[in-house]
1. Do we find that ARG18 is surrounded by 21 or more Cβ atoms within 10 Å (Cβ to Cβ) and of a type in the set (D, E, K, R) in this structure?
2. Inside region 126-176, can you point out the residues that are in contact with a helix residue (DSSP H, G or I) (Cβ under 9 Å, 6 or more places away or on another chain) and modelled with pLDDT of 80 or more?
3. Can you tell me how many residues within region 134-158 are under 11 Å from ILE102 (Cα atoms) and either open to solvent by 60 Å² or more (accessible area, probe 1.4 Å) or charged (D, E, K, R) (or both)?
4. Out of region 116-128, which residues are surrounded by fewer than 22 Cβ atoms within 10 Å (Cβ to Cβ) and either part of a strand (DSSP E or B) or on the phi < 0 side of the Ramachandran plot (or both)?
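The values are calculated or read from the model by the stated rules, or taken from the named source; none is laboratory data. In this text the structure is predicted, and so the values were computed from the model without any measurement. Using ideal geometry, Cβ is built from the backbone for each residue, glycine included, and neighbour counts are taken over all protein chains shown. All accessible areas refer to the heavy atoms of the entire protein, side chains included, with ligands and DNA or RNA removed. Shrake-Rupley method; radii C 1.70, N 1.55, O 1.52, S 1.80 Å.
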Amino acid sequence: MGIDAIGLYRLGHKLHQRGVPVLPGMLRKVIHFLHGSYLPPEAEIGEGTQLGYGGMGIVIHKDAKIGRHCLISHQVTVGGRSGLKQLPVIGDYVRIGAGAKILGPVHIGDFAIIGANAVVVKDVAPGAVVGGIPAREIRKDPDPLATYEREMGLRPQVDRRNEVKAVPPPLTSVAR
């Protein structure tokens with residue numbers, strides 16, 4: 001396995017978090033030279049996220065947030081729009097097709113699918129499939145978890161931090 005853009009990004013991101021001054025910027029330039037991508041160490045890209053074709057041509061704004069276990073194809077842009085300060089927030093398990101553009105203050109829900117060459121300028125609901133210019137909802141999956149498992153062959157890890165835990169009834173001791 002060769003040197004891919006996400007591996008170099010993760011190293012640069014860790015160094016940036018620890019306050020190393022020059023090396024993260026140098027790694028960003030190495031990523032740009034080797035893969036033609038702009039992956040700044042300041043960007044938040046979740047664990048398990050993969051970049052298609054090693055990350056060729058991907059541009060991510062330094063203040064964008066990308067969730068866990070996403071799949072981002074080549075030539076994707078995640079960035080801002082002129083005159084708007086907010087940036088995209090992408091949920092977990094999102095798949096983004098080749099050449100897609102996600103621009104401005106949009107929120108992409110978990111398990112959403114962005115079609116190839118789509119231009120997303122509005123929020124995308126969880127489990128929705130969008131495509132076109134500008135992107136419109138093509139369909140909404142009633143059970144995105146099962147669809148993801150069927151199509152990707154993987155069972156996603158469910159985030160249990162927000163689930164309500166059932167409290168078992170108290171045990172009573174009976175003296176005999």
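1. No, not satisfied.
2. Residues satisfying the conditions are PRO126, GLY127, ALA128, ASP141.
3. 1
4. If the condition is that a residue be surrounded by fewer than 22 Cβ atoms within 10 Å (Cβ to Cβ) and either part of a strand (DSSP E or B) or on the phi < 0 side of the Ramachandran plot (or both), then ALA116, VAL119, VAL121, LYS122, ASP123, ALA125, PRO126, ALA128 are the ones that fit.
This table checks each residue for (1) over 23 Å from LYS14 (Cα atoms); (2) open to solvent by less than 50 Å² (accessible area, probe 1.4 Å); (3) of a type in the set (Val, Ile, Thr).
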| site | (1), (2), (3) |
| --- | --- |
| THR49 | no, yes, yes |
| GLY55 | no, yes, no |
| ARG81 | yes, no, no |
| ILE114 | yes, yes, yes |
